[in-house]
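Accompanying notes for the structure given below.
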Amino acid sequence: MFHDYANFIPDYSKFLSTIKEKLPTTGWFNPDLISRRQLEEFFNNHRIEYRFLKWNNEAFFFKSKVSLGVSLPYALGQIHLQEEVSMIPGFIAKSLKPRIVLDMCSSPGNKAAQIGIQLKENNSYIIANEPRLPRHSQLKSNLQRMGVSNAIYTKYDGASFPVLEEKVDLVYADVPCSCEGTSRKNKIKKISSKELEKLCNTQLAILKRGFANLKPNGHIIYSTCTYNPLENELIIDQFLKSEIGDQVEILPIEIKGLEYSPGITSYKSRDFSQEVKKSIRIWPHQNDSGGFFITLIRRRPNGDT
Ligand SMILES: C[S@@+](CC[C@H](N)C(=O)[O-])C[C@H]1O[C@@H](n2cnc3c(N)ncnc32)[C@H](O)[C@@H]1O
């Protein structure tokens with residue numbers, strides 16, 4: 001299935017063997033509600049095998065006979081279960097210290113919860129947007145359980161999200177995608193070229209609409225859980241070459257203790273801007289995780305191109 005990507009996946013045979021293995025279970029704790037010492041005590045008392053992740057001291061890997069999803073710390077919002085790669089955007093967001101966040105594609109709210117608990121400034125809030133109403137209940141229950149009370153829930157197509165009067169510091173665009181990177185936990189459905197084209201148009205449109213709501217100097221985190229360069233580097237390339245391209249820059253991402261690769265600059269006879277190399281690709285065999293793609297974008301201050 002991933003043969004098309006063989007020439008840019010580092011150590012392709014290791015990739016193929018890793019994606020056949022079961023995905024490790026990981027999570028993070030809310031330091032406002034439980035300390036690391038208390039969590040370790042809980043793990044030890046329940047004979048849960050665990051270790052903290054090298055790149056994030058609030059995130060842990062664990063092995064337990066009983067799911068932590070039915071534990072007391074989970075019910076109290078002290079911990080949340082989330083795939084390792086999915087925690088990276090929230091980790092990046094923390095270093096940006098935003099006051100107002102717009103999460104354009106937010107359900108089930110894993111990353112919105114992680115970002116929401118970081119918002120400590122007065123009048124800080126997160127707009128959690130999700131166009132599909134049936135996906136709102138899980139979104140709300142996750143944010144409420146984790147104690148994110150400063151959330152506003154909206155139900156727009158991200159591509160036509162209203163242009164707000166008060167612009168935001170951080171736009172998070174965790175766009176709908178072909179989900180190839182989740183093959184260790186879900187069966188991946190091959191999508192048609194027509195479906196792919198529609199998806200790519202939506203991804204670019206969401207990104208542009210996010211930009212329309214961003215303050216000068218604000219940031220956009222764009223992410224997908226897919227390997228397909230047409231949904232990753234090509235979208236960033238098209239964004240950079242669009243009418244707004246000169247108002248933004250791509251920032252490098254550095255996360256100590258996490259292994260990843262740079263974005264690629266060509267695919268199937270298409271060349272992308274060299275700037276997309278600053279994006280990161282996290283391959284399953286690098287950290288024993290799922291696959292992910294992330295780009296960090298900054299809106300330049302007005303007049304600074
Ligand atoms: C990758 S998931 C988001 C996961 C979420 N950020 C989290 O961490 O829990 C993508 C979400 O985008 C939503 N979506 C689909 N089409 C959309 C659109 N046109 N605009 C905004 N969101 C959309 C999907 O319903 C889905 O909930």
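The values are calculated or read from the model by the stated rules, or taken from the named source; none is laboratory data. This structure is a prediction, so every number in the text was calculated from the model and none was measured. Because the Cβ atoms are built from the backbone with ideal geometry, glycine has one as well, and the counts that use them run over all protein chains shown.
Inside the range 223-236, residues that are in contact with a helix residue (DSSP H, G or I) (Cβ under 7 Å, 6 or more places away or on another chain) and part of a loop (DSSP other than H, G, I, E, B) make up a count of 6. The listed residues are GLU21, GLU83, and the only one of them that is assigned to a loop (DSSP other than H, G, I, E, B), over 30 Å from GLU121 (Cα atoms) and in contact with a helix residue (DSSP H, G or I) (Cβ under 9 Å, 6 or more places away or on another chain) turns out to be GLU21. All told, ALA159 meets the bar of being within 12 Å of the ligand (Cβ to nearest atom), among the hydrophobic types (A, V, I, L, M, F, W, C) and in contact with a helix residue (DSSP H, G or I) (Cβ under 6 Å, 6 or more places away or on another chain). Taking every residue in the range 93-109 that is farther than 22 Å from SER160 by Cβ and pairing it with any residue that is near the ligand (Cβ under 6 Å from one of its atoms), at least 6 positions away or on another chain, the pairs with Cβ-Cβ distances below 7 Å are PRO108/ARG135. Taken over the range 110-123, residues that are hydrophobic (A, V, I, L, M, F, W, C), over 10 Å from ILE221 (Cβ atoms) and either without any contact (Cβ under 8 Å) to a residue 12 or more places away in the chain or within 11 Å of the ligand (Cβ to nearest atom) (or both) amount to 2.
The residues of the range 247-305 that are at negative phi and hydroxyl-bearing (Ser, Thr, Tyr), listed by number, are TYR260, SER261, THR265, SER266, TYR267, SER273, SER279, SER289, THR295, THR305.
In the condition set (1) more than 15 Å from ALA113 (Cβ to Cβ); (2) in contact (Cβ under 8 Å) with a residue 24 or more places away in the chain, SER35 is compliant with all but (2). Taken over the range 237-256, the residue count meeting the criterion of being in contact (Cβ under 8 Å) with a residue 60 or more places away in the chain and in contact with a helix residue (DSSP H, G or I) (Cβ under 9 Å, 6 or more places away or on another chain) is 2.
One line per residue, one yes/no per condition, for (1) out of contact with any Leu (no Cβ under 6 Å at 6 or more places or on another chain); (2) at pLDDT 95 or above; (3) away from the ligand (no atom under 11 Å from the Cβ):
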{"residue": "VAL148", "(1), (2), (3)": "yes, yes, yes"}
{"residue": "TYR172", "(1), (2), (3)": "yes, yes, no"}
{"residue": "CYS177", "(1), (2), (3)": "yes, yes, no"}
{"residue": "ARG184", "(1), (2), (3)": "no, yes, yes"}
{"residue": "ILE188", "(1), (2), (3)": "yes, no, yes"}
{"residue": "ASN201", "(1), (2), (3)": "yes, yes, no"}
{"residue": "LEU214", "(1), (2), (3)": "yes, yes, yes"}
{"residue": "HIS219", "(1), (2), (3)": "no, yes, yes"}
{"residue": "LEU240", "(1), (2), (3)": "yes, yes, yes"}
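Within the range 124-137, the set of residues being within 12 Å of the ligand (Cβ to nearest atom), surrounded by fewer than 18 Cβ atoms within 10 Å (Cβ to Cβ) and not in a loop (DSSP other than H, G, I, E, B) comprises LEU133, PRO134, ARG135. Checking GLY181 against (1) assigned to a helix (DSSP H, G or I); (2) free of Cβ contacts under 8 Å to residues at least 60 places away in the same chain; (3) farther than 30 Å from GLU166 by Cα, which single condition isn't satisfied? Checking GLY181 against (1) assigned to a helix (DSSP H, G or I); (2) free of Cβ contacts under 8 Å to residues at least 60 places away in the same chain; (3) farther than 30 Å from GLU166 by Cα, the one that fails is (2). Going by the conditions given, is ILE297 in contact (Cβ under 8 Å) with a residue 60 or more places away in the chain, among the β-branched types (Val, Ile, Thr), buried (at least 18 other Cβ atoms within 10 Å of the Cβ) and within 27 Å of LEU196 (Cα to Cα)? Taking the combined requirement at face value, the residue satisfies it.
Exactly one residue among SER64, SER17 is surrounded by fewer than 21 Cβ atoms within 10 Å (Cβ to Cβ) and assigned by TED's automatic domain parsing to the domain that holds LEU139, and that residue is SER17.
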